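A short write-up of the structure that comes next.
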Amino acid sequence: QVQLVESGGGSVQAGGSLRLSCAASGRFSVINAMGWYRQAPGNQRDLVATITRSGYTNYVDSVKGRFAISRDNAKKVVYLQMNDLKPEDTAVYYCKVSALVDSRGNDYWGQGTQVTVSS
């Protein structure tokens, strides 16, 4: 099993910055892809950014140039640096980790952290 602990959410004014962190622990063999998703009330959970073990990144168009995802494989932590935040970024942000547990690949989700951006 894998446990994910998120931190770094909060309330900021438009144009501000936040840095989200997600730390993984458990009896997994290896962590493959890691990523961040977000969900606003009444909406589906959408992909924000992903990063592979080799460091390849992918972003939704609306955050390109503003957000940056990174990971520390030794510490088993994934980060999301969010700059120039906009009210449209307001949502609950969830960390997702793809990991091998008992030779089986599964996706695991963090508890979610609220990000609120005021205009």
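The single residue among Thr113, Thr50 that is closer than 17 Å to Gln3 by Cα, within 15 Å of the chain's Cα centre (by Cα) and buried (at least 17 other Cβ atoms within 10 Å of the Cβ) turns out to be Thr113.
In the stretch 1-15, the residues that are part of a loop (DSSP other than H, G, I, E, B) and of a type outside the set (S, T, N, Q) form Cβ pairs under 6 Å with partners that are modelled with pLDDT under 95 and open to solvent by 80 Å² or more (accessible area, probe 1.4 Å), at six or more places apart or across chains, as follows: Ala14/Ser119. Residue count for the stretch 77-117 satisfying the condition of being charged (D, E, K, R) and under 22 Å from Lys64 (Cβ atoms): 5.
Condition test on Tyr56, is it surrounded by 16 or more Cβ atoms within 10 Å (Cβ to Cβ) and either of a type outside the set (A, V, I, L, M, F, W, C) or under 12 Å from the mean Cα position of the chain (by Cα) (or both)? In short, no. The strands (runs of 3 or more DSSP E) found wholly in the stretch 37-119 and carrying at least 1 residues that are in contact (Cβ under 8 Å) with a residue 60 or more places away in the chain and of a type in the set (A, V, I, L, M, F, W, C) occupy 77-82, 91-101, 104-109, 113-118.
Scanning the stretch 16-36 for residues that are part of a strand (DSSP E or B), of a type in the set (Gly, Ala, Ser) and under 30 Å from Pro87 (Cβ atoms) yields Ser21, Ala23, Ala33, Gly35.
The values are calculated or read from the model by the stated rules, or taken from the named source; none is laboratory data. In this text the structure is predicted, and so the values were computed from the model without any measurement. Positions of Cβ are backbone-derived with ideal geometry, glycine not excepted, and every protein chain shown enters the neighbour counts. Quick note on the areas: whole protein, heavy atoms, side chains included, nothing else; ligands and nucleic acids left out. Shrake-Rupley method; radii C 1.70, N 1.55, O 1.52, S 1.80 Å.
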